[in-house]
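Working notes for the structure below.
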Amino acid sequence: MEPPSWIGPAPSLVERLSVLWIGVVGVLFPGVGPLLLGGLEAAGRLSAMEIGLAGMAELAAMGVGAALLGPAFGARRLRPAAIACGCFLAALNLASTQVDGGLLVLVRALAGLPAGALIWVVTGMIVRSPRPDRWSGIYLTVQTLIQLAVVATLSALVIDRFGPDGGFVVLTGLAASAVAAGFLAPRAWTALPQADDAPPNALKGGLPSPRGWVALLAVFCFQAFILALWIYAEPLSRQAGHAPKVAGLAFSISLAAQVAGGSAATALAGRVSWFVSLAVGVIAAAACLLVFAALPPAPAFLAASGLFGFAWLFASPFLTPLAIEADPSRRAALLGPGASLLGCATGPLLAALIVGEHDVRQAVWLAGGLALVTLALIAGLHLTRQREEPPA
């Protein structure tokens, strides 16, 4: 069997690094947003409710940008897409230093659109690569490391001296770097192939096959499961009676474990099937829910946070080969980040509707239900894959 190859011409090393950086800049805000939005609340420029609205609105808009705005530019206009969206994102980051309240929520929602389009650019490279799981693992690991570095830099050198506005100025500069990287990106991506089970309008509209939509639902449910729980990690720690520093330590341990999980997934890409890897990751993360629900002592809570973070980033890269096997045209995989980001926004929203004022463990049970749905969807796709193959 011939080794897998790129769909279309293989990008040069400079082009790959440029595209990778463009995607990293596009996904920066979810990592640094809690720090900056919390600082804006402390400064009286956002209410507690508006923090949640800003976070959810930006994530949802990123999903829309990855699913609609990026494809609207088209795979043959990558450089204009990256340059225009980088400029738009930089302008909106800078505008965030000048507005408050509801207007700031609107600005952050608008910023999600070009950020999502930048993610679409790197997704185009990942789905056309010979090892999408490996490139997805590289992207997730690098983005986590960069987010960790940016948060550490802002916390140590920027926020205390310049406040949250200083953080937005740093994000403006990083968005400008994506503009520079856009000039080094490939000019176009090669068109993706047509799936055998694609609907009649798939070639014209670029829609996934029916099984591709099921895979996208699995991606959506996975991220909704993860974020429905993780958004309430701090209140769960508080409810368990831990010292305030325990939640902060849990976040740090989880981030380090996420880097380890993404690295492990990258190393195993191509050696272990996507189904085994993804199922193990989902089951391990779901097992942590039992620990969180028990409101355990701090050491167990920290251990569960580390395992949860490892399983999260270990499983995530294998969502791409899941979508590719379900829809070999790779159109579903191209829409994967949009489904993922919409799941990240929906999970916390659903959890917010059911948690109590003094007991937030309903978020744990919601996450458990979403985990079961995710497992059912990926198992169904895996068990029925042979039925989609033509007879020999």
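The values are calculated or read from the model by the stated rules, or taken from the named source; none is laboratory data. Only a predicted model underlies this, so the values are computations on that prediction, with no experimental measurement involved. All Cβ positions, glycine included, derive from the backbone under ideal geometry; neighbour counts span all protein chains shown.
Listed by first and then second residue, the pairs linking a residue in the stretch 367-380 that is in contact (Cβ under 8 Å) with a residue 12 or more places away in the chain to a residue that is surrounded by fewer than 19 Cβ atoms within 10 Å (Cβ to Cβ), with Cβ atoms under 7 Å apart and 6 or more places separating them unless they lie on different chains, are Leu375/Ala279; Leu377/Leu217; Ile378/Phe275; Ile378/Ala279. Is it the case that Trp120 is touching a Ser or Thr at 6+ places or on another chain (Cβ under 8 Å), in the same structural domain as Ser177 (by TED's automatic domain parsing) and of a type in the set (Phe, Trp, Tyr)? No, not satisfied. It is to be established whether one or more residues within the stretch 320-343 are farther than 22 Å from Gly124 by Cβ, among the hydrophobic types (A, V, I, L, M, F, W, C) and either crowded, with 24+ Cβ neighbours inside 10 Å or in contact with a strand residue (DSSP E or B) (Cβ under 6 Å, 6 or more places away or on another chain) (or both). No, the stretch 320-343 contains no residue that is farther than 22 Å from Gly124 by Cβ, among the hydrophobic types (A, V, I, L, M, F, W, C) and either crowded, with 24+ Cβ neighbours inside 10 Å or in contact with a strand residue (DSSP E or B) (Cβ under 6 Å, 6 or more places away or on another chain) (or both).
Scanning the stretch 70-82 for residues that are under 22 Å from the mean Cα position of the chain (by Cα), surrounded by fewer than 24 Cβ atoms within 10 Å (Cβ to Cβ) and assigned to a helix (DSSP H, G or I) turns up Pro71, Ala72, Phe73.
Set side by side, the residues Leu341, Leu370 differ, and just one is assigned by TED's automatic domain parsing to the domain that holds Ala284, in contact with a Cys (Cβ under 6 Å, 6 or more places away or on another chain) and among the aliphatic types (A, V, I, L, M), which is Leu370. Which of the residues belonging to the stretch 45-57 are in a loop (DSSP other than H, G, I, E, B) and modelled with pLDDT of 85 or more? Matches in the stretch 45-57: Arg45 only. Here the condition is being out of contact with any His (no Cβ under 7 Å at 6 or more places or on another chain), on the phi < 0 side of the Ramachandran plot and not assigned by TED's automatic domain parsing to the domain that holds Thr141; of Ile83, Ile7, Ile51, it holds for Ile7 alone.
Restricted to the stretch 38-57, and to residues there that are free of Cβ contacts under 8 Å to residues at least 60 places away in the same chain and buried (at least 21 other Cβ atoms within 10 Å of the Cβ), the residue that is nearest to the chain's Cα centre (by Cα) is Ala54. When we screen Leu236, Leu217, Leu227 for residues that are surrounded by 24 or more Cβ atoms within 10 Å (Cβ to Cβ), under 16 Å from the mean Cα position of the chain (by Cα) and touching a residue at least 60 places away in the same chain (Cβ under 8 Å), the only hit is Leu227.
With respect to the conditions (1) surrounded by fewer than 22 Cβ atoms within 10 Å (Cβ to Cβ); (2) in the same structural domain as Tyr139 (by TED's automatic domain parsing); (3) modelled with pLDDT of 80 or more, Leu35 lacks only one, and its number is (3). Considering (1) buried (at least 22 other Cβ atoms within 10 Å of the Cβ); (2) at pLDDT below 90, the lone condition that Ala60 does not fulfil carries the number (1). Applying the criterion of at least 1 residues that are in contact with a His (Cβ under 9 Å, 6 or more places away or on another chain) and under 18 Å from Ala279 (Cα atoms) to the helices (runs of 4 or more DSSP H) found wholly in the stretch 290-392 leaves 319-326. Is one or more of the residues making up the stretch 129-142 under 19 Å from the mean Cα position of the chain (by Cα) and among the acidic types (Asp, Glu)? There is at least one residue in the stretch 129-142 that is under 19 Å from the mean Cα position of the chain (by Cα) and among the acidic types (Asp, Glu). Within the stretch 315-348, the only residue that satisfies the criterion of being out of contact with any helix residue (DSSP H, G or I) (no Cβ under 6 Å at 6 or more places or on another chain) and within 25 Å of Ala115 (Cβ to Cβ) is Arg331.
Pro296 passes every criterion in (1) over 27 Å from Ala61 (Cα atoms); (2) loosely packed, with under 15 Cβ neighbours inside 10 Å apart from (2).
Each row is one residue, and each column tells you yes or no for (1) more than 17 Å from Ile22 (Cα to Cα); (2) touching a Pro at 6+ places or on another chain (Cβ under 7 Å); (3) among the aliphatic types (A, V, I, L, M).
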position	(1), (2), (3)
Leu89	no, yes, yes
Leu103	yes, no, yes
Val107	yes, no, yes
Ala111	no, no, yes
Gly167	yes, no, no
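Condition check: more than 15 Å from Gly137 (Cβ to Cβ) and among the aromatic types (Phe, Trp, Tyr). Does Phe318 satisfy that? Against the criterion (more than 15 Å from Gly137 (Cβ to Cβ) and among the aromatic types (Phe, Trp, Tyr)), Phe318 does not qualify.
Taking the stretch 266-288, which residues are surrounded by 17 or more Cβ atoms within 10 Å (Cβ to Cβ) and either assigned by TED's automatic domain parsing to the domain that holds Leu145 or modelled with pLDDT under 90 (or both)? If the condition is that a residue be surrounded by 17 or more Cβ atoms within 10 Å (Cβ to Cβ) and either assigned by TED's automatic domain parsing to the domain that holds Leu145 or modelled with pLDDT under 90 (or both), then Thr266, Leu268, Ala269, Trp274 are the ones that fit. Any chance the stretch 93-102 includes a residue that's part of a helix (DSSP H, G or I) and crowded, with 24+ Cβ neighbours inside 10 Å? Looking for residues that are part of a helix (DSSP H, G or I) and crowded, with 24+ Cβ neighbours inside 10 Å, one finds at least one in the stretch 93-102, hence yes.
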